[in-house]
Amino acid sequence: MRIAAGVYVLPIPRVPREAEGFLNLTLVLDAKNGNTLVDTGLPGQEEAIASALADAGIGARDLRRIILTHQDLDHVGSGAALVRRSGARVMAHAADAPYIEGELRPLKVTPEMLERRPQMREVLERLEPVGVDERLEDTERLELAGGIRVIFTPGHTPGHLSLYLERSKILVAGDALTAEGGRLNGPNPSATLDVREAARSVRRLAELDVKTIVCYHGGVVGEDANGQLRRVVEETRDDANRSG
Ligand SMILES: [Zn+2]
């Protein structure tokens, strides 16, 4: 789905199927500086991703870089396979890099999580570490597609980052925000490691002038994005107060 010139959202069906049906990857095309994919689905989804890329007019081998918003399995899953196909450079925030690279066990993979979601055992067995070539910093500006600003949005994980596409005013929020049927929501509290920190991150995002928001879980929010973001700031403030 094309959401602006050179910017596509690629909904990939979740396998194994759980509550939320789709993972929403973002593709940013740049003929001069190379194409960028944001997040990579679950392990074993490289074929589904390759066919979504083909719909947007490129092959997996045409990816120049992959930005991982954070360490969770449904974001890094097919990263290693896509790097093999493309030779893409991988970028992520320093605080999540050791988990992505397999040096540390992903923070949300706990015995309790595997008890609750036994289907994740098999997923975990297929998970490959992904080498991070470049550690991104808060406020860093990537010179591609008219400028992409890195916004450090910890809380969901310690090294979560979001991306702001300056030309199109698109916010790629990763899991710092969620959505349902065009309605913007805060981060999913049950999947968020630090709810207060995540609420602070939402406040930072609300300082941006945003036209469209892409949530990895829930897809595209296009209607009154700034207004919805302000509403979510109020809601997450209340949640953070309640929780602690
Ligand atoms: Zn996620």
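Computed quantities for the displayed model
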read-out	value
Residues located in the range 165-187, provided they are within 16 Å of the ligand (Cβ to nearest atom), of a type in the set (D, E, K, R) and either surrounded by fewer than 16 Cβ atoms within 10 Å (Cβ to Cβ) or not in a loop (DSSP other than H, G, I, E, B) (or both)	GLU180
Single residue of the range 225-234 satisfying the filter (touching a helix residue (DSSP H, G or I) at 6+ places or on another chain (Cβ under 9 Å) and either free of Cβ contacts under 8 Å to residues at least 24 places away in the same chain or over 25 Å from LEU37 (Cβ atoms) (or both)) that is farthest from the ligand (Cβ to nearest atom)	VAL233
Total residues in the range 188-209, condition touching a strand residue (DSSP E or B) at 6+ places or on another chain (Cβ under 8 Å) and surrounded by fewer than 19 Cβ atoms within 10 Å (Cβ to Cβ)	3
Sole exception among (1) in contact (Cβ under 8 Å) with a residue 40 or more places away in the chain; (2) surrounded by fewer than 22 Cβ atoms within 10 Å (Cβ to Cβ); (3) part of a loop (DSSP other than H, G, I, E, B) for GLY146, by number	(1)
Residue satisfying all of: in the range 172-220; in contact with a Lys or Arg (Cβ under 8 Å, 6 or more places away or on another chain) and in contact (Cβ under 8 Å) with a residue 60 or more places away in the chain; farthest from GLY155 (Cα to Cα) among these	THR212
First in the range 92-109 and in contact (Cβ under 8 Å) with a residue 40 or more places away in the chain, second anywhere and surrounded by fewer than 17 Cβ atoms within 10 Å (Cβ to Cβ) and of a type in the set (Asp, Glu), Cβ under 8 Å, 6 or more apart	HIS93/GLU137; ALA94/GLU137
Subset of the range 169-187 (residues that are within 18 Å of GLU207 (Cβ to Cβ) and not hydrophobic (A, V, I, L, M, F, W, C))	LYS169, GLY174, GLY186, PRO187
Selected residue (criterion: farthest from the ligand (Cβ to nearest atom)) from residues of the range 6-29 that are touching a Lys or Arg at 6+ places or on another chain (Cβ under 8 Å) and assigned to a loop (DSSP other than H, G, I, E, B)	GLY21
Conditions (1) within 16 Å of the ligand (Cβ to nearest atom); (2) modelled with pLDDT of 95 or more: number failed by THR36	(1)
Filtered residues of the range 203-220 (kept if touching a helix residue (DSSP H, G or I) at 6+ places or on another chain (Cβ under 7 Å) and away from the ligand (no atom under 16 Å from the Cβ))	ARG203, LEU205, ALA206, ASP209, VAL210, LYS211, THR212
Exclusive hit being away from the ligand (no atom under 16 Å from the Cβ), in contact with a helix residue (DSSP H, G or I) (Cβ under 9 Å, 6 or more places away or on another chain), touching a residue at least 24 places away in the same chain (Cβ under 8 Å) and of a type in the set (A, V, I, L, M, F, W, C), set LEU136, LEU114, LEU127, LEU63	LEU63
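The values are calculated or read from the model by the stated rules, or taken from the named source; none is laboratory data. What you are looking at is a predicted structure, and each value in this text was computed from that prediction instead of being measured. Cβ sites come from the backbone with ideal geometry, for glycine too, and all protein chains shown count toward neighbours.
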